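Enquirer: There's a structure below that I have some questions on.
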Amino acid sequence: MSAKTLKSEVAAAAVATSGCGPEGVEVMEVTEGAEVEQAFARLERLYAQLPAMEEKGAALARARSAATVDGLAKAAAYRAAELVRADALVTEAEARVSAAEAEGEQAAGEARLALMAAGTQRGLRVGPAQNAEQALARALEASPFDTVEEARAALLPAESLAALAAEVEAYQAAYAAALAVCQQLEDCEEPEGLEQSTAS
């Protein structure tokens, strides 16, 4: 039985047992035993699925962690590549300064200005590159993976990840709804129990 079907059944049970007041009492008198039995049977079936769903929940958490690490690794690689390009521009500008100094002061002055501009652009890329590396390091430390490669090996296709997330979330919702129905049925029975204890 799928989690979606279980969720539908639990929702139906919730509607059938939603009244504890005078209007709900008549229904409860007729089907009280059956409703209680069915509600707890649903909860028991869902509870029996718990170990398997816990494994799926762990797999979902692992896949999501892998996706986070992968995204941050791509961002860090992009920032690092920007810094490498900026370094290359600085090196080129330094070479032009050396060549221009032999040509005269005016040419050297223009080359130095170009070098300063290249140095400024490089400086603007140092911080983002360092931040990206630090974010990746923190994500790896918080993840179950030791390396980016290990995380990428645990990636799931987007469709599979979405399907797994939907299944786990549907089960969680069904279990919560079934538990709420059982608690409500117990609450509806409490006044009767109190009356009997008072009468005795």
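Enquirer: Just to be sure, is residue 90 in a helix (DSSP H, G or I), at pLDDT 90 or above and under 30 Å from residue 154 (Cα atoms)? Even if it seems obvious, please write down each step before you answer.
Expert: Details: in a helix (DSSP H, G or I): yes; at pLDDT 90 or above: yes; under 30 Å from residue 154 (Cα atoms): no.
No; evaluated as a whole, the condition is false for this residue.
Enquirer: Also, I was wondering about something else. When residues of the range 118-168 are filtered for being touching a helix residue (DSSP H, G or I) at 6+ places or on another chain (Cβ under 7 Å), in a helix (DSSP H, G or I) and small (Gly, Ala, Ser), how many remain? Outline the logic, then answer.
Expert: From the range 118-168, those touching a helix residue (DSSP H, G or I) at 6+ places or on another chain (Cβ under 7 Å) are 118-119, 121-122, 125-126, 128-129, 132-133, 135-136, 139-140, 143-145, 148, 151-152, 154-156, 161, 164-165, 167-168; that's our starting set.
Next, only the ones that are in a helix (DSSP H, G or I) stay: 118-119, 121-122, 125-126, 128-129, 132-133, 135-136, 139-140, 148, 151-152, 161, 164-165, 167-168.
With small (Gly, Ala, Ser) added as a condition, the list becomes 118-119, 129, 132, 135, 139, 151, 165.
Number of matching residues: 8.
Enquirer: I'd like to check something: does the range 124-131 contain any residue that is within 22 Å of residue 70 (Cβ to Cβ) and open to solvent by less than 40 Å² (accessible area, probe 1.4 Å)?
Expert: Yes, the range 124-131 contains at least one residue that is within 22 Å of residue 70 (Cβ to Cβ) and open to solvent by less than 40 Å² (accessible area, probe 1.4 Å).
Enquirer: Right, another one. For the range 47-86, what are the residues that are of a type outside the set (Lys, Arg), in contact with a helix residue (DSSP H, G or I) (Cβ under 6 Å, 6 or more places away or on another chain) and over 23 Å from residue 173 (Cα atoms)? Quick ask: steps written out before the conclusion?
Expert: We begin by selecting, within the range 47-86, every residue of a type outside the set (Lys, Arg); these are 47-55, 57-61, 63, 65-73, 75-78, 80-84, 86.
Okay, now just the ones that are also in contact with a helix residue (DSSP H, G or I) (Cβ under 6 Å, 6 or more places away or on another chain), so 53, 57, 60, 63, 66, 68-70, 72-73, 75-76, 80, 82-83, 86.
Residues satisfying the conditions are 66, 68, 69, 70, 72, 73, 75, 76, 80, 82, 83, 86.
The values are calculated or read from the model by the stated rules, or taken from the named source; none is laboratory data. Note that the coordinates shown come from a computational prediction; the quantities given were computed from them, not determined experimentally. Note that we place each Cβ from the backbone using ideal geometry, even for glycine, and neighbour counts take in every protein chain shown. Just the protein is used for accessible areas: all its heavy atoms, side chains included, with ligands, DNA and RNA removed. Shrake-Rupley method; radii C 1.70, N 1.55, O 1.52, S 1.80 Å.
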